[in-house]
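Step one of this worksheet: look at the structure below.
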Amino acid sequence: MARRSEEETLQPGLGGSVEALELVPGYIVGGTYRIQSKLGLGAMGVVYRAQDIKLYRSVALKFLNPVIADSPEVVGLFRSEAQALARLNHPNIVQVYAFGEESGWLYFAMELLTGHTLAKVIAAEGRMRAARAAPILRQICEALEVSHGNGMVHRDLKPANVMILANDHVKVMDFGLAGVAASATGRAIGTPRYMAPEQALGLRVDARADLYSLGIIMYELFVGDVPFEGENYRKTLEMQVHSPVPSARKRRPDVPREWDFLIRDLLAKRPEERPSSATEVIRRIDALMGTGDDTALNRPVVDPEAEADRLYQKARAHFEIGEYKAARDLLEEVFYRKKKHPRAWNLRGALELKNGTLSEASRSFAKALSLDPDFYEAAKNLGQALQKQGRHEEAVWAFEQALRLMPSIAAPWISLGESRLALRDLPGARKAWERALELDPNNHTLRNRYAKLKKAMAL
């Protein structure tokens, strides 16, 4: 039994006897390809080196796991995928020459490459500097740009499917195979350590899932390891879906900040929050390499404060519809780009209030107010959080700051009166409530409380 590499495509229930296919040297497949040797074995199939006896060229023959190709529908999908892949004539995509069937085994013939997978390069050499990683990543993006433009999503992009040839020339392999396998098994097929959250959840997958996988590869090139890896298949998928987006710079402080921004954008949990296309990623990489145009597409790289504001608006939108975890995750992105963001600290305080952690909420509101002393919302919220903790002297100060900024709003006057009353400052409470009633004369509840206060003071 062959040992399964950690980099290979994994899926519970995807078995099959790929080891059962043993072709001896000299055997001729499809009347065209003379077997020379076995090159590799994986969950998706087995690969042989062969000689095309008609065109006199060496090829690689990949035979698919029979579990994948077990129905006429899947066979038809395989043929259409192979035809589409054969039309992708691009220097960064492995060329497919032909496809066929041999004794019940589907196969396709593709160009034979001399080099090593990116997985082996990383294992042997460790992490890379930006000067070497950038051209490799750009070439992967070029392959994705062409395939996505032709309606083909890879679905299993990973270092083991990227060949590094002489002079770091890149060839991306196995386009479309994960989609065929998914159709055959009815399950999400891919490699957990590189799988996008929506793919892990079995949701619809588009080109942005490949961009997420690219982000994992980018992180691995700069850090030397993947960002998410659990103790088993399912734990890893759970981390892809739920764990916060990591910072490469926290692991490796020498990672350039702009590259870290790009990695984190690619690893956004929601597809709509990632770069929109491989073309956009190419432009951002070009900007980082010093060869790209200064366009709006590069703004997240050159202007992290603008990106922080954009992410804050998204976090605020999630908060307003009750998606608190999504809002919290986005705030971490904001603080990574701009720590001194008063509105983000105020929103964090609001999230802490929802969580019932009043002391943390107070600290967040106080931070927001310290960053912007004219931030009315932060002052008011700080006063309310302190008041709920019974810290009325501090609450009085906070409400006074709010009223310094917005003296014509009744609500902080009412809250100020409540804290003064708690401190037994009856004249102060009366004065605050009188002002509140001037601003809100139809507040009958407050008017009744004010009448009781006046009566108590007269005794």
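Throughout, read-outs are computed from the coordinates displayed, never taken from laboratory work. From a predicted model like this one, the values you see are computed outputs, not experimental measurements. A quick note on method: Cβ atoms are made from the backbone with ideal geometry, for glycine too, and the neighbour counts reach across all protein chains shown.
So here's what we get for this one:
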{"quantity": "Value of relative contact order over the chain, rounded to a whole percent, pairs C-alpha under 8 Å and six or more apart", "calculated": "8"}
{"quantity": "Exposure rule at most 15 other beta-carbon atoms within 10 Å, DSSP loop GluC sites (Glu not before Pro): the chain longest free segment", "calculated": "23-228"}
{"quantity": "Within-12-Å neighbourhood charge of I28 [Cβ basis; K, R +1; D, E -1]", "calculated": "0"}
{"quantity": "Compactness of the chain as Cα Rg over 2.2 N^0.38 Å, two decimals", "calculated": "1.35"}
{"quantity": "Partner lysines for K120 [C-alpha distance under 22 Å; skip if fewer than 8 residues away on the same chain]", "calculated": "K38, K62, K158, K171"}
{"quantity": "Amide H within-cut-off set for Y27, under 5 Å, with H built and near neighbours excluded", "calculated": "I35"}
{"quantity": "Residue-averaged 222 nm ellipticity for the chain, from DSSP H runs of 4+ at -39500 (n - 2.57), nearest 500", "calculated": "-16500 deg cm²/dmol"}
